[in-house]
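Single-structure report; data block below.
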Amino acid sequence: MFLVRYNLSIIALYMFVPLILDTVLHYGFNSIEEPIVLPLPFNSFFDDGPKWNLKFYVFLSLNWWFAVEMCAVLQGPVAHYAILSGYFRTEIQIFTEKIKVLKLDEGSKEEIDEQISAIVQSHSNLMV
């Protein structure tokens with residue numbers, strides 16, 4: 001969950017800081033002539049450079065959508081891999097420890113079979 005929040009906050013900074021800066025510098029101080037644009041895919045559609053018009057704000061919102069979508073696409077598989085590998089590694093370790101604790105030298109064959117069945121059953125219940 002930290003990774004999701006971190007990436008979304010970085011995206012927000014990457015998208016909002018230039019917008020805030022160019023809005024203040026343009027409308028507040030009238031010191032820049034065109035918006036500050038960071039590299040994003042839809043910025044290539046600005047033929048003669050970005051201007052403060054409807055086209056700029058449409059492409060800005062498309063770039064925001066693209067950045068959030070790209071973050072979700074890239075971090076989703078990584079997060080799922082980390083969660084699943086952590087879960088399965090823990091489960092395999094627990095299963096291994098249960099097998100090590102088995103008393104194969106002591107008891108009858110039925111008791112040993114019962115212990116093995118209990119371990120396999122508990123493992124199967126956790127995996128399903």
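Derivation of every value follows stated rules applied to the coordinates shown; laboratory data play no part. This one's a predicted model, so the numbers in the text were calculated from it and none came from an experiment. For neighbour counting, all protein chains shown are included, and Cβ atoms are generated from backbone atoms with ideal geometry for every residue, glycine included.
For this structure, a couple of remarks:
- Qualifying positions in the stretch 27-68 - of a type outside the set (A, V, I, L, M, F, W, C), within 23 Å of the chain's Cα centre (by Cα) and part of a helix (DSSP H, G or I): Pro41, Ser61, Asn63
- Reported count of residues in the stretch 77-128, each being under 25 Å from the mean Cα position of the chain (by Cα), surrounded by fewer than 11 Cβ atoms within 10 Å (Cβ to Cβ) and among the small types (Gly, Ala, Ser), is 2.
- Residue match in the stretch 16-26 (condition: of a type in the set (Val, Ile, Thr), surrounded by 12 or more Cβ atoms within 10 Å (Cβ to Cβ) and touching a helix residue (DSSP H, G or I) at 6+ places or on another chain (Cβ under 8 Å)): no
- In this entry, Ala118 is excluded by the filter for residues that are of a type outside the set (D, E, K, R), assigned to a helix (DSSP H, G or I) and within 19 Å of Asn7 (Cα to Cα).
- Search result, residues across the stretch 44-65 that are surrounded by 14 or more Cβ atoms within 10 Å (Cβ to Cβ) and closer than 30 Å to Phe2 by Cβ: Leu60, Leu62, Asn63, Trp64
- Among residues of the stretch 10-23 that are under 13 Å from Trp64 (Cα atoms), those with a Cβ under 9 angstrom from a residue that is of a type outside the set (A, V, I, L, M, F, W, C), sequence gap 6+ or separate chain, pair up as Met15/Asn63; Pro18/Pro35; Leu19/Pro35.
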